[in-house]
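Trainee: Sharing a structure, written as structure tokens. Questions coming.
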Amino acid sequence: MKTSNETRPLYPQRPTGKWHNRRVVFSIAIIALLFVTPFIRLDGQPLVLLNVIERKIILFGIFIGPQDYWLFGLTTLSFFVFIVLFTTVFGRLWCGWACPQTVFMEMVFRKIEYAIEGDAGKQKLLDKAPWTSDKILKKGLKYTIFLIVSFVIANLLLAYVLGTDELYKIISEPVEDHIGLFSGIVIFTAIFYWNFAWLREQACTVVCPYGRLQSVLLDGNSINVAYDHVRGEPRGKLHKGTDRTEGDCVSCFQCVAVCPTGIDIRNGTQMECVNCTACVDACDSIMDKVGFERGLIRYTSENAIVRKTSKVLTSRTWGYAAVLVLLWSALGFVVATRTDTQTTLFRAPGSRYIENSDGTISNLYTFKIFNKTNRIIKPSLHLDTPHGKLLFAGSPDLTLEAAGMSEGTVFVIIPKSELKGRKMVLKLSVSQGNRQLESFETTFIAPEE
Ligand code: SF4
Ligand code: SF4
């Protein structure tokens, strides 16, 4: 319960133990991966770019631009189905082990806090203490480091959104040249600072929508950090020298003391539990002390606790897996058949054919060429139907910027003698150098014979 002297509602004890050590190693790997990924390039492109503002996304070297509706839609849908399947089987494994919020909160910010202010008891005393020079020094040091780390994380976020080249420009060039983006870094630094210094576990328990979906996604077979109530209940204090009639839970409340979200896991699976495993370690150490078998709190499912059987592959998981395979197949097809450009070419509105004095027929078209890549393309438009030619209105520069578009009008001119019927299908293509990027068809209108 929060009191008027406390600045935080929760003071979780410093977690220690086998599972915590594993998470430390895994978190170091995750943080290293998060910081290295924006610098990895594939064919000169970032491996990952998440510019949602301009809808330019690169995933594992595949550029998903504003024109890639199918690719974007299928990728997003596959992602959500994968989350649903993963959560149904493994519960909130993601939250405890890989979510950046948990990783940074528990493995960076809380570690800094424990190092400067000490464990939970000392933190509580410090918060209640008057503002002595020692308190000012500790709090000042902690929040300064929090601010610096928040600034680093804000830069990391921008590296994912804008790419490292853009970020380098913001850092190396005068601030007034990038005032908008610099403001972005300041705003995100403030948001991360507020999140990790004040919001903390409430980001998971109040804000995060994923946590709120658990009641729908989890079932009796989902694997979670869970308390074995069959073995633990009825709980009761340990009294030396008397025969124990209660279950294995000795009501020491250590699992509650270490919980970063402040819940009692013995009340069952709860939306607030981020599966951080702190209570597993805490309970195991108590079990060791009292001489009971470890694992009163462990990774398990409700069915495994109650019925002693658990199925990972249920009809529900098979169903999700089937949907995911279908989506991935469609995604594979879209990627395999994807072209670098997308051209639309239509007869100019209201225009008919033109009979020229040299015995040729012209149709006027308007065209738009979209660049679906993240690099500059210098395309050329070709008529692949023999005997005809293209005559551009003016001399348009077709150069396409990354994810850009060029447009113009063009006459298709065909000798009357080559025309067969009133409507004829024409084949056209877009190339860059000798490489054909795309081919498509349009119709050509000729006079009645
Ligand atoms: S740490 Fe284990 S023994 Fe102690 S209260 Fe929690 S479940 Fe019971
Ligand atoms: S109940 Fe256990 S696993 Fe869940 S958040 Fe609390 S300490 Fe972590």
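Trainee: Tell me the label-point distance for the pair Ile28, Ile83, using the 7 Å Cα-to-Cβ offset, in nm and rounded to one decimal.
Mentor: Label at Ile28, label at Ile83, 3.1 nm between them.
Trainee: Still on this model: Distance in nm between label sites at Leu59 and Val312, each 7 Å beyond Cα in the beta-carbon direction?
Mentor: 2.4 nm
Trainee: Which one, Val89, Ala203, Leu47, is farthest towards the positive end of the dipole of the chain when Lys and Arg carry +1 and Asp and Glu -1 on their Cβ?
Mentor: After comparing all options, I get Val89.
Trainee: Moving on to the next point. Using the charge dipole of the stretch 170-244 (Lys, Arg: +1 at Cβ; Asp, Glu: -1 at Cβ; taken about the Cα centre), state which of Val216, Trp194, Gly184 has its Cα farthest towards the positive end.
Mentor: Val216
Trainee: Give me the 1.4 Å probe accessible area per residue for the stretch 223-296, excluding ligands and nucleic acids, in Å².
Mentor: Normalised by residue count, the accessible surface of the stretch 223-296 is 46 Å².
Trainee: So what does the Cα-only Debye profile of the chain read at q = 0.07, 0.08, 0.09, 0.11 Å⁻¹, as log10 I(q)/I(0), no solvent term?
Mentor: -0.56, -0.68, -0.79, -1.00
Trainee: Then there's this: Could you give the length gained by full extension between Ser351 and Gln270, i.e. 0.36 nm per residue of separation minus their alpha carbon distance, to one decimal place?
Mentor: Residue separation times 0.36 nm, minus the Cα-Cα distance, leaves 22.5 nm.
Trainee: Right, another one. Could you please state, rounded to a whole Å, how far the C-alpha centre of the stretch 68-120 is from the C-alpha centre of the stretch 255-278?
Mentor: If you average the Cα positions of each part, the centres end up 17 Å apart.
Trainee: What's the extension gain from Thr300 to Trp70 if we count 0.36 nm per residue and subtract their Cα-Cα distance?
Mentor: My answer for the length gained is 78.9 nm.
Trainee: Next up: So if each residue of separation counts as 0.36 nm, and I subtract the Cα-Cα distance between Arg14 and Leu147, what length gain in nm does that give?
Mentor: Gain in length upon complete extension: 45.7 nm.
Trainee: Do any cysteines of the chain lack a neighbour Cys whose Cβ is under 4.7 Å away, and which are they?
Mentor: Cys95, Cys99, Cys204, Cys208, Cys249, Cys252, Cys259, Cys273, Cys276, Cys283
Trainee: So, by mean Cβ neighbours within 10 angstrom, what's the order for 335-345, 173-183 with the highest one leading?
Mentor: Result, highest mean first: 335-345, 173-183.
Trainee: Once the Cα gyration tensor of the stretch 290-449 is found, what semi-axes does its equivalent ellipsoid get, as square roots of 5 times the eigenvalues, in whole Å, sorted largest first?
Mentor: Calculated on Cα positions only, the semi-axes equal 60, 19, 12 Å.
Trainee: While we're looking at this one, here's another question. For the residue pair Ser380 and Asp119, what label-to-label distance in nm results when each label sits 7 Å from Cα along the Cα-to-beta-carbon direction?
Mentor: Output for this residue pair reads 7.6 nm.
Trainee: Hey, any idea what % of the stretch 310-449's accessible area is carbon plus sulfur with a 1.4 Å probe?
Mentor: Its accessible area is 57 percent carbon and sulfur atoms.
Trainee: Which order do peptides 285-296, 346-357 fall in by mean Cβ count within 10 Å, highest first?
Mentor: Descending mean neighbour count gives 285-296, 346-357.
Trainee: How would the stretch 262-340 be classified by its alpha-carbon gyration tensor: rounded, prolate or oblate, with rounded meaning a/c under 1.5 and the a/b versus b/c comparison settling the rest?
Mentor: It comes out prolate by the Cα gyration axes.
Trainee: What are the residues whose amide H is under 5 Å from the amide H of Ala393, where those residues sit 5 or more places off or on another chain and H is modelled from the backbone?
Mentor: Here Thr409, Val410, Phe411 satisfy the definition.
Trainee: Taking H as built 1.01 Å from N, whose amide H comes closer than 5 Å to the amide H of Leu50, not counting residues under 5 places away?
Mentor: Here the answer is Ile58, Val161, since their amide H atoms fall under 5 Å of that of Leu50.
Trainee: Considering only protein heavy atoms, what per residue accessible area in square angstrom results for the stretch 299-377 with a 1.4 angstrom probe?
Mentor: Result: 57 Å² per residue.
Trainee: Also, I was wondering about something else. Rounded, prolate or oblate: which fits the stretch 219-350 when a ≥ b ≥ c are the square roots of the eigenvalues of the alpha-carbon gyration tensor, with rounded for a/c under 1.5 and prolate only if a/b beats b/c?
Mentor: It is prolate, given that a/c is not under 1.5 and a/b is the larger ratio.
The values are calculated or read from the model by the stated rules, or taken from the named source; none is laboratory data. Nothing here was measured: the structure is a model prediction, and the numbers come from that model. Cβ sites come from the backbone with ideal geometry, for glycine too, and all protein chains shown count toward neighbours. All accessible areas refer to the heavy atoms of the entire protein, side chains included, with ligands and DNA or RNA removed. Shrake-Rupley method; radii C 1.70, N 1.55, O 1.52, S 1.80 Å.
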